[in-house]
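The values are calculated or read from the model by the stated rules, or taken from the named source; none is laboratory data. For clarity, every value in this text was computed on a predicted model and none was experimentally measured. Positions of Cβ are backbone-derived with ideal geometry, glycine not excepted, and every protein chain shown enters the neighbour counts.
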Amino acid sequence: MTTLADAICEPCRKNAQPLSKDEAQERLKSLSQWQIVEHDGIMKLSRRFKFRDFASALAFTQRVGDIAEQAGHHPVIMTEWGKATVTW
């Protein structure tokens, strides 16, 4: 069985059923350091990454953006001095 971390991201279809909170919590167990946050009733994955400076955080943000563009699935990325937060 493929782990969630190894799975290919599939953009949500209009008629896709969201995971239940229990299903989401079960899948989260395989993702170290990620958490589920809720915005406007929608569950999302979020993780904060730490860096030594702003330039490193910015370079990471660009790499995540490049991968997200290729996958057609775009996260919210907040880049700050020494950290970047990614929310899917």
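Yes/no per residue for (1) among the acidic types (Asp, Glu); (2) part of a loop (DSSP other than H, G, I, E, B):
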{"site": "GLU38", "(1), (2)": "yes, no"}
{"site": "LYS44", "(1), (2)": "no, no"}
{"site": "ARG52", "(1), (2)": "no, yes"}
{"site": "THR61", "(1), (2)": "no, no"}
{"site": "ASP66", "(1), (2)": "yes, no"}
{"site": "GLU69", "(1), (2)": "yes, no"}
{"site": "HIS73", "(1), (2)": "no, yes"}
{"site": "MET78", "(1), (2)": "no, no"}
{"site": "THR85", "(1), (2)": "no, no"}
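Listed here are the residues, each with its yes/no results for (1) modelled with pLDDT of 90 or more; (2) touching an Asp or Glu at 6+ places or on another chain (Cβ under 8 Å); (3) surrounded by 12 or more Cβ atoms within 10 Å (Cβ to Cβ).
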| position | (1), (2), (3) |
| --- | --- |
| ARG27 | no, no, yes |
| SER30 | no, no, yes |
| LYS44 | yes, yes, yes |
| PHE49 | yes, no, yes |
| ALA55 | yes, no, no |
| LEU58 | yes, no, yes |
| VAL76 | yes, no, no |
| ALA84 | yes, no, yes |
| THR87 | yes, no, yes |
